[in-house]
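The values are calculated or read from the model by the stated rules, or taken from the named source; none is laboratory data. Computed from a prediction, not measured in an experiment: that's the story for all the values here. Because the Cβ atoms are built from the backbone with ideal geometry, glycine has one as well, and the counts that use them run over all protein chains shown. When the accessible area is computed, the model is the full protein with side chains, heavy atoms only, and any ligands, DNA or RNA have been set aside. Shrake-Rupley method; radii C 1.70, N 1.55, O 1.52, S 1.80 Å.
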Amino acid sequence: MSVDIAELYRRHGPMVLRRCRRLLADDEAAIDVAHDVFVKVLRREALLEEKGMASYLYTAATRECLNTIRARNRAPRPTEDAVLHEIASRDDLAAWTGARALLARVFASEQPSTRVMAVLHHVDGLTYEEVAAVVGLSVSGVRKRLRVLAARAHDVVEGT
Amino acid sequence: MTRVPDPLVELLRQGALDPPTAAQVRARLAATPDGAARLAALDDDDRAILAALPPGRFAEEVHRRSRAVAVTAPKKRAGWLAAAAAATCAALLVVVIDTPPAERAKGSAPTLVLHRLVDGAPESLPPGTTLAAGDLVQLSVVADGRGFGVVVSLDGEGAASLHRPSALDGDTALAPGVHPTDHAWEIDDAAAFERFVLVVDDAPLDPRAVLAAAKAIAQNPLTAREAPLAIEGKRITQTSIVFTKEPR
């Protein structure tokens, strides 16, 4: 499929940008990631079809935003005064650090597509059937992936 | 009646839902008091976004970024990898709280040095050391006397991060000697590798441009480990250290 990026953006770009804004809560970062999403379309233009393009762009935007969030979370640990201030300002430090670490361990080895499904289900509130409709998988496939993820989360929690 | 999730509304508007699902979503929207207003608001937002960021300008930037990825085909460059950093290595180490400046011979290539914090003390890591998820790592830049340097990292899943300076508008000036970064990183296991790149030039560098170049490289898993960043400069040099991660 030959891609006219300007036309594709006109039809689907606002949807992509809204998704990025929703997940990143940062307009500049959202615009940046939105550009990257369409760069991926160019790289895959020989493989893509017009049918399914909107769903592809929506899931790609979600996946790129998750990558960006993960890169942010890998941001360096501040030292000295900044660390002390952070510790002092958090009443729930143990729970916060524990929850972050647990989530990182749960998602660490998951496929990017599973993370996208997890966001759609647990953050956006879609049912398994609705997630399947968005990502283009069978309902049973979505159910299996998210159940495996839930079991992994259970194992991680039980192991702490 | 619960709110219809945003993804469903967006894909309904795009005509991307199968007929039964589309019919359900339309019915749910019709049953909510603000369903029609919500759709109208999205129409307005579409127009506002396209006015603020027109298709032509957006496409131009997309093509520019795509070309930046395309020009960085992997190829060997003499002297591209600093002598002190292994050409390929499976180790990453970091964490130095404080490193005294070292004497550097003028004209030596700039390098990255890595340390790991072990029992509260920094441990210097030779090339080839394996890093595990959870290890605390810190970088030091060994400058060669040229004026400006930026350090970024990229991983096997397309993510890129800025390490030095610590902010996108930070100062990139680099005096001769050893400069540890002012922070450490905890290694995660979410990607197969992590690559740190030091970019040095005689003229001031733009951290945003370096980070954007790193992100462009990171998009292509075939070149992310080796391809040089597409950065313009009269005396630009790039030094990389790549490591693979060993999960806990």
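For every other residue with a beta carbon closer than 13 angstrom to the beta carbon of A:G141, add +1 if it is Lys or Arg and -1 if Asp or Glu, then tell me the sum.
Every neighbour counted, the sum reads +3.
First select every other residue whose beta carbon is under 13 angstrom from the beta carbon of B:E10; then total the charges, Lys and Arg +1, Asp and Glu -1. Don't skip to the end; give the middle numbers.
Details: positive: A:R11, A:R18, A:R19, A:R21, A:R22, B:R13, B:R38; negative: A:D124, A:E130, B:D6, B:D43, B:D45, B:D46.
Within the 13 Å Cβ shell, the charges total +1.
Mind grabbing the interface size between B and A? I mean buried accessible area, both sides, 1.4 Å probe, in Å² to the nearest hundred.
Buried surface at the B/A interface: approximately 4200 Å².
Averaged over B:54-60, how many beta carbons belonging to a partner chain fall within 10 Å of each residue's beta carbon?
Per residue, the average neighbour count from other chains is 6.
Would you give the gap between the C-alpha center of the range B:196-225 and the C-alpha center of the range A:33-72, rounded to a whole Å?
Distance between centres, Cα-based: 21 Å.
For every other residue with a beta carbon closer than 12 angstrom to the beta carbon of A:D27, add +1 if it is Lys or Arg and -1 if Asp or Glu, then tell me the sum. Working shown, then result.
Working: positive: A:R18, A:R21, A:R22; negative: A:D26, A:E28, A:D32.
My count for the surroundings of A:D27 gives 0.
May I ask you to derive the FRET efficiency for B:A36 and B:A203 from their Cβ-Cβ distance with R0 = 51 Å, giving the value to the nearest 0.05?
Efficiency for this residue pair is about 0.35.
Treat each spin label as a single point 7 Å out from the Cα along the C-beta direction, and report the A:S2 to B:A167 distance in nm.
4.8 nm
Taking each residue of B:11-23 in turn, how many C-beta atoms of other protein chains fall within 10 Å of its C-beta, and what is the average?
What the average comes to for B:11-23 is 4.
Cβ neighbours within 10 Å, averaged per peptide: list B:234-243, A:137-146, B:44-53, A:120-129 in order, most packed at the top.
Numbers: B:234-243: 19.8, A:137-146: 16.0, B:44-53: 13.8, A:120-129: 17.6.
So the order, starting with the most tightly packed, is B:234-243, A:120-129, A:137-146, B:44-53.
With a cut-off of at most 14 other beta carbons within 10 Å, and DSSP calling the residue loop, which trypsin sites (Lys or Arg not before Pro) in the range A:1-66 qualify? Please list them.
Hits after loop and neighbour filter: A:R44, A:K51.
In peptide A:32-44, how many Cβ atoms from other protein chains are near each Cβ within 10 Å, on average?
5
Which order do you get for B:E123, A:E130 if you rank them by accessible area with a 1.4 Å probe, largest at the top?
B:E123, A:E130
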